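Read the figures in this text as sums done on the coordinates, not as results from a lab. Quantities reported herein were computed from a predicted structural model and do not represent experimental measurements. In this analysis, Cβ positions are derived from the backbone assuming ideal geometry, glycine residues included, and neighbour counts consider all displayed protein chains.
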Amino acid sequence: MLTAGIAAAVVSASVVPASADAQPELPDSQAVVEELEGDGVFIDPSIDAIPSAEEGALEAASADSEIPVYYVILPSDAVASQTGLDVLMNPVMDDVGDGVYAVFAGNQDFLVLSPNIEDTAGIREIAVQQGGGNQVDTLAAVPDAAAELEASEAAGATSGLVLLGVLVLVVAAGALFVRNSRKKRAAEKAKQLQEIKQMATEDVVRLGEDVSRLEIDVSKVDDATRSDYSQAMDAYDQAKSLLDTIQEPEQVRMVTSALEDGRYYMASTRARMNGEAVPARRGPCFFNPQHGPSVEDVTWAPPGGAPREVTACAACAQAVRTGGHPDVRLVEVDGERRPYYDAGPAYSPYASGYFGMNMMMGMFTGMMMGSMMGSMMGMGMGMGGGDLGAEGDMGGGDDFGGDFGGGGDMGDFGGFDF
């Protein structure tokens, strides 16, 4: 370790005969500049007791430093204030240029200045720690302290850039995920819309064919028959018109509601033409709404599911009673034909337009459609609909509101839980 000769020298340099009011004289700024540009060290001329080894150590520290480091050693009390220090050092730094200026005045005053480095206090703190209380060692530690602080700041800046980069990537990944999710939902919704629209189209065409088979001459029938036939045709036309406006899977409910009306009035027209009693307004055949209004309720259980009362046309009711297979309405889902009640949540609006809420809550219990409707009722969502009991008035598949389908909005539930 170097000696503390500098401290003794600068202290003794201030002990000179003077009046009580005398102030130490600042060195000439130009002289300081010349010394610093020469060997990096300026020692006030009044200080003549600094060991050459210590002066040489400071010169070597300045010369070896990667960051420009300059030393200014002044006698004690040479600088009485920050203003006085600025008067001396500002012109010096302007002429010499960027770098670290270590100023030592007396045995206590050690300052670090710089025209281009902000955290000079940080450099001073590191140098003091490394100097271990020895003045020369503290001054000699300034280059390493400046380099350490610069490296720390660079590392911090790099870390900040890395963190910023990570945040940018996270945000970009999140945006990409959201965009892809939306595209996926949109694609799934479009596929479901195409499938369910095809299903509704088949029902509309089937009703049109069945109505045309009536071969009725409206000029030769009574007013009641003419009225029922007219309502059947109006419902068919309405279903066709609504079919062309479907933009969302849940909108198919309006089409099937119109189809249910058409089926009932067609059955009423046929009964009047045959001289039979007009059938009571009942829900469609559960197994295939294309069969028209049901004629009775039968007990039926889906594979692995619990028995329940379902509405059925005469042919399907007979099939159930004899252990046969009812003519179930099949739809295409992902290229596979399956019962409409096992086709996923997107087909819930299709069924609800035909049956209304009350019938679905009973017949579709344990299936996806029934579970979804029960959940929505639990959330307090109002869904109108008339009394749809076994002998009740269906009322054309009342508008019960709510959003049961829509494909992606409800998630991919995949089939039913019987």
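With the convex hull of the Cα atoms taken as the outline of the stretch 330-369, the averaged projected area works out to 2.6 nm². Among Thr83, Thr120, sorting on how many other beta-carbon atoms sit within 10 Å of each Cβ, with the fewest leading, yields Thr83, Thr120. Listed by Cβ neighbour count within 10 Å, with the fewest neighbours leading, Glu209, Glu35, Glu54 appear as Glu209, Glu35, Glu54.
Amide H to amide H distances under 5 Å link Val41 with Tyr71, where only residues 5 or more positions off or on other chains count and H is placed in the peptide plane. Taking only the C-alpha atoms of the stretch 36-85, the Rg (one decimal) and the largest Cα-Cα distance, Dmax (whole number), read 12.1, 33 Å.
Residues His291, His325, arranged from fewest to most other Cβ atoms within 10 angstrom of their Cβ, appear as His325, His291. Just to confirm my numbers, what's the Cα centroid distance between the stretch 69-141 and the stretch 281-340 in Å? About 96 Å separates the Cα centre of the stretch 69-141 from the one of the stretch 281-340.
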